[in-house]
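Novice: One structure, as structure tokens, below. Some questions next.
The values are calculated or read from the model by the stated rules, or taken from the named source; none is laboratory data. Note that the structure is a prediction, hence the values are computed from the model and not measured. Backbone-built Cβ (ideal geometry, glycine too); neighbour counts: all protein chains shown. SASA here: full protein model, heavy atoms, side chains in, ligands and nucleic acids out. Shrake-Rupley method; radii C 1.70, N 1.55, O 1.52, S 1.80 Å.
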Amino acid sequence: MENLEYARLLAETADLMEIAAEDGFRIRSYRNAADTLQGYPERIDDIMADAARKLTDIPGIGKGIAAILVEIKERGSFDRRDELLEKYPPTALEMLKISGLGPKTIATLIAHFRVTTLDDLERLCREQKLRDLPRMGAKLEEKILKGIAALRQSSGRFHIHFAAAIAEELTAYLGETEGVERVVAAGSLRRGRETVGDVDLLVTGPNAAAALNRFVKHPRVGEVLGHGETKASARVGIEGLQVDVRAVPAESFGAALQYFTGSKTHNVALRSLALKQGYTLNEYGLARVEGGERVAGATEEEIYEALGLSWIPPELRENQGELDAAAARSLPRLLELADMRGDVHMHTRESDGRFSLEEMAAAAAERGYGYIAITDHSKALAMANGLDEARAIRFAEKVREMDQSALPVRVLSGLECDIRRDGRMDLDDEALAQLDLVVASVHSHMNLESAEMTDRLLAAVENPYVKIMGHPTGRVLLHRDAYVYDFERIAAEAARRGVAMEINASPERLDLHAPLIRIAKAKGCKFVISTDAHHVKHLLNMRFGVTMARRGWLERADVLNTLPVEEFLGSLRRGER
Ligand code: DGT
Ligand code: CA
Ligand code: CA
Ligand code: ZN
């Protein structure tokens with residue numbers, strides 16, 4: 001049995017335990033073990049077969065888990081799993097993926113209606129049966145129906161940070177193969193799309209085929225979908241993300257990279273441009289139609305150049321005008337991660353973050369930043385222990401009195417202030433005026449009619465203390481759509497008043513995304529890119545926000561937190577009405 005299979009059984013059981021409302025500590029130990037096992041370089045079966053070895057020597061595997069692994073090896077399952085599967089059908093696991101539906105509710109629905117499939121659940125909601133139960137109502141039915149629709153639509157796609165982590169792990173691993181010179185990720189991942197269908201890796205070198213053989217043996221590789229001379233495909237990890245690895249000769253590496261980076265529409269447009277100039281373009285190279293002479297193929301640059309174009313950054317290859325700009329030599333000079341000097345949306349333990357102000361500051365210094373803004377939630381987010389006026393004022397005072405020279409970065413006092421349903425800010429102006437920076441965000445009543453939502457956001461932009469519109473569309477990738485409003489109108493008004501638009505770099509949001517960034521820029525908006533970190537490690541997500549900005553054609557001058565702190569503060573909207 002493969003490690004991945006052990007990991008899958010443990011992770012699945014942890015999910016069932018969650019529905020059964022079991023002890024969180026135990027659930028976490030199952031999940032940690034599953035994570036360890038699926039990345040473990042040695043086969044668990046081999047360790048068990050060796051009398052001199054112990055499973056408990058694997059970090060994160062205690063006695064309890066070790067006994068479970070032995071049981072799985074013997075009979076393919078274990079007691080705890082069998083018990084849970086008697087109570088809850090395996091299809092219950094599907095329900096956990098519906099956004100807005102927690103394990104507790106699922107347990108109630110199973111107990112009451114014996115739902116076993118998404119179809120069952122959908123029918124119950126349509127027939128309005130849920131509202132018969134205490135604490136359930138029409139709202140929940142609607143939420144579940146939306147969640148099921150979103151799940152069906154999104155199934156098969158993965159968040160970019162998840163796909164990037166797998167691609168980076170495999171790139172490093174395949175790069176160690178004897179006879180392999182380069183491994184590069186192409187496809188939607190290279191273009192920086194927010195979600196990824198599958199990962200496309202290209203390898204080249206005198207013995208690139210050896211990388212394919214090693215790929216299918218990687219401990220995290222599950223089902224192998226195909227394995228030939230030049231291509232191997234397999235599902236990776238518990239989640240089953242598909243990875244295609246292609247071996248290509250060095251002389252056509254650039255052509256292959258160009259072809260497999262896409263997008264399809266960019267490639268179609270590029271090929272027709274090539275044809276007009278008397279060339280054929282495919283994954284092997286660029287060649288003259290007449291005579292078939294090959295003129296380019298080893299690098300992307302030489303292909304674009306032969307067609308009279310500047311090299312086009314992958315993030316722009318969506319057939320949105322980049323070919324014309326490349327021909328006119330007027331492509332933007334895109335923002336880079338190294339341009340970022342601060343991160344201005346993050347949470348601490350004051351609300352729902354996991355670390356202190358000092359810890360966030362230290363982590364930001366490690367990233368090379370000069371400043372951060374701490375922006376905890378406001379009181380409307382009671383569940384997150386949001387700040388009321390008194391606490392916000394006290395916090396601003398505390399930051400003013402802090403010995404900034406003792407901190408590794410400049411810390412700004414901020415707040416992520418809720419925009420109430422009627423458009424008023426959650427805290428009164430007097431409190432907001434004390435802070436260096438207010439990010440205004442919607443966290444409730446997201447299903448308003450477009451006109452009402454537009455008015456609500458207009459009111460927020462009009463508040464003189466609001467400097468930044470936080471995660472402006474509210475979308476949660478693969479879970480929740482953007483709320484509906486007149487974005488152009490809000491963008492125009494934000495530009496007029498000097499309110500910056502946030503590009504929220506959290507990989508679950510990535511909000512704004514490219515099309516709206518371009519609209520906002522055309523309306524005259526400036527931007528900030530922020531991680532919305534709730535954990536020190538989330539500060540690393542800045543790269544995904546920068547990728548979104550690049551996809552939106554932004555340059556350094558478009559993004560305010562590329563400025564040093566004093567200039568950054570000076571560039572924010574002033575407090576006047
Ligand atoms: P994904 O995987 O759905 O997130 O998106 P992509 O863009 O990575 O798409 P994928 O993996 O199907 O193919 C990778 C690239 O290869 C794609 O962007 C363009 C190129 N490509 C693949 N198949 C075709 C095809 O049949 N025709 C053309 N013109 N290009 C293709
Ligand atoms: Ca792909
Ligand atoms: Ca593919
Ligand atoms: Zn928020």
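Novice: Send over a whole-number figure in Å² for the accessible area per residue of the stretch 3-154, probe 1.4 Å.
Specialist: Numbers: 8140 Å² over 152 residues.
With all protein chains present, the stretch 3-154 gives 54 Å² per residue.
Novice: Let me ask something additional. With +1 assigned to the C-beta of every Lys and Arg and -1 to the C-beta of every Asp and Glu, and no other charges, what is the dipole magnitude of the chain about the Cα centre in debye, to the nearest 20?
Specialist: Charge dipole of the chain: 760 debye, to the nearest 20.
Novice: Based on alpha-carbon centroids, what's the gap between the stretch 206-278 and the stretch 389-444 in Å, whole number please?
Specialist: For the stretch 206-278 versus the stretch 389-444, the Cα centre distance is 48 Å.
Novice: Is the stretch 512-577 rounded, prolate or oblate when judged by the Cα gyration tensor, a ≥ b ≥ c being the square roots of its eigenvalues, rounded requiring a/c under 1.5 and prolate requiring a/b larger than b/c?
Specialist: oblate
Novice: Efficiency by 1/(1 + (r/R0)^6): what FRET value for Arg354 and Arg28, r their Cβ-Cβ distance, R0 = 22 Å, to the nearest 0.05?
Specialist: Here the calculated transfer efficiency is 0.90.
Novice: Each residue of the stretch 414-426 in turn: what ³J(HN,Hα) in whole Hz from Karplus with 6.51, -1.76, 1.60 and θ = phi - 60°, glycine and Pro shown as x?
Specialist: In residue order, the calculated couplings are x, 7, 9, 8, 5, 8, 6, 3, 8, x, 6, 6, 5 Hz.
Novice: Show the residues, 5+ positions off or on another chain, whose built amide H is closer than 5 Å to the amide H of Leu554.
Specialist: Leu335
Novice: Between Lys537 and Ser405, what is the label-to-label distance in nm when each label sits 7 Å out along the Cα-to-Cβ direction?
Specialist: Result: 3.7 nm between the two label points.
Novice: Here is a follow-up. Whole-Hz Karplus ³J(HN,Hα) for the stretch 515-529, in order, using 6.51 cos²θ - 1.76 cosθ + 1.60 and θ = phi - 60°, x for Gly and Pro?
Specialist: x, 6, 4, 5, 5, 4, 5, 4, 7, x, 6, 9, 10, 10, 10
Novice: Just grab the label-to-label distance for His161 and Ala51, each label 7 Å out from Cα along the Cβ direction, in nm (one decimal).
Specialist: 4.8
Novice: Treating only the Cβ atoms of Lys and Arg (+1) and Asp and Glu (-1) as charged, compute the dipole magnitude of the stretch 337-571 about its Cα centre; round to the nearest 20 debye.
Specialist: Working: 30 positive and 37 negative charges, 156 e Å.
With Lys and Arg at +1 and Asp and Glu at -1, about 760 debye.
Novice: Let me ask something else. List residues of the stretch 205-231, by number, whose backbone nitrogen lies under 18 Å from a label position 7 Å along Cα→C-beta of Glu178.
Specialist: 205-218
Novice: Is it possible to state the helix-based mean residue ellipticity at 222 nm for the chain, with each DSSP H run of 4+ residues giving -39500 (n - 2.57), the sum divided by total residues, to the nearest 500 deg cm²/dmol? What is it?
Specialist: That comes out to -12500 deg cm²/dmol.
Novice: So how much slack lies between Ala451 and Glu555, counting 0.36 nm per residue of separation and subtracting their Cα-Cα distance, in nm?
Specialist: Using 0.36 nm per residue and subtracting the Cα-Cα distance, I get 34.2 nm.
Novice: Follow-up question, since we're still on this one. Ignoring ligands, DNA and RNA, what percent of the 1.4 Å accessible area of the chain is carbon and sulfur? List each step's numbers first, then the result.
Specialist: Details: 12630 of 25900 Å².
Carbon with sulfur: 49 percent of the solvent-accessible area.
Novice: Among the lysines, select those whose C-alpha is under 21 Å from the C-alpha of Lys379, and discard any that sit fewer than 8 residues away in the same chain.
Specialist: Lys398, Lys467
Novice: How far is it, in nm, from the label point at Asp82 to the one at Glu397 when both lie 7 Å from their Cα along the line to the Cβ?
Specialist: For Asp82 paired with Glu397, the spin-label model returns 6.4 nm.
Novice: Also, I was wondering about something else. From zero up to wherever the largest Cα-Cα distance of the stretch 397-512 sits, split into 5 Å bins and tell me the percent of pairs in each.
Specialist: P(r) over the stretch 397-512, rounded to whole percents: 2, 12, 20, 22, 18, 12, 7, 4, 2, 0.
Novice: If you restrict to DSSP beta bridges whose two residues both lie in the chain, what percentage is antiparallel, to the nearest 5?
Specialist: Here the antiparallel bridges make up roughly 45 percent for the chain.
Novice: Would you please give the FRET efficiency between Ser330 and Asn282, computed as 1/(1 + (r/R0)^6) with r the Cβ-Cβ distance and R0 = 25 Å, to the nearest 0.05?
Specialist: 0.35
Novice: Place a point 7 Å from the Cα of Lys63 along the Cα-to-Cβ direction; which residues of the stretch 38-53 have their backbone N under 19 Å from it?
Specialist: 53
Novice: Find the Cα radius of gyration of the chain, compare it with 2.2 N^0.38 Å by division, and give the number to two decimals.
Specialist: Ratio of Rg to 2.2 N^0.38 Å for the chain: 1.07.
Novice: Mind giving me the FRET efficiency for Asn207 and Thr171? R0 is 25 Å, r the Cβ-Cβ distance, nearest 0.05 is fine. Kindly include the intermediate steps, with their values, before the conclusion.
Specialist: Numbers: r = 17 Å, r/R0 = 0.68.
That gives a FRET efficiency of 0.90.
Novice: Let me ask you something else. Rounded, prolate or oblate: which fits the stretch 89-147, taking a ≥ b ≥ c as square roots of the Cα gyration tensor eigenvalues, rounded meaning a/c under 1.5, else prolate when a/b beats b/c?
Specialist: Details: a/c = 1.39, a/b = 1.28, b/c = 1.09.
Rounded shape, in that the Cα axes give a/c under 1.5.
Novice: Defining a contact as two alpha carbons under 8 Å apart and six or more residues distant in sequence, what relative contact order in percent does the stretch 327-437 show?
Specialist: RCO, the stretch 327-437: 25 percent.
Novice: Report relative contact order for the stretch 158-248 in percent, whole number only (criteria: Cα-Cα under 8 Å, sequence separation at least 6). Before the final figure, lay out each step's value.
Specialist: Working: 182 pairs, mean separation 24.2, N = 91.
Relative contact order here is 27 percent.
Novice: Rounded to the nearest Å, what's the spacing between the alpha carbon centres of the stretch 1-65 and the stretch 454-524? Just the number, please.
Specialist: Spelled out, the Cα-based centre of one part sits 43 Å from the other.
Novice: Test of understanding: what is the full-extension gain from Lys217 to Leu337, defined as 0.36 nm times their sequence separation minus their Cα-Cα distance?
Specialist: Between Lys217 and Leu337, full extension yields an extra 39.7 nm.
Novice: Gain in length, Ser444 to Ala250, computed as 0.36 nm per residue apart minus the alpha-carbon separation, to one decimal in nm?
Specialist: Taking 0.36 nm per residue and subtracting the Cα distance, the gain is 64.5 nm.
Novice: Something else: So what are the ³J(HN,Hα) numbers for the stretch 217-225, from phi and the Karplus equation (6.51, -1.76, 1.60; θ = phi - 60°), rounded to whole Hz, Gly and Pro as x?
Specialist: Values, residue by residue: 9, 4, x, 8, 7, x, 4, 8, 8 Hz.
Novice: Considering Cα pairs under 8 angstrom that are at least six residues apart, work out the relative contact order of the chain and quote it in whole percent.
Specialist: The normalised contact order for the chain reaches 10 percent.
Novice: On to the next question. Can you give the accessible area of Ser506, probe radius 1.4 Å, in Å² rounded to 10?
Specialist: Estimated to the nearest 10 Å², Ser506 gives 20 Å².
Novice: Which parts of the stretch 439-473 would a label at Glu142 reach, counting a residue when its backbone N lies under 12 Å from a point 7 Å out along Cα-to-Cβ?
Specialist: It comes to 445-449, nothing else.
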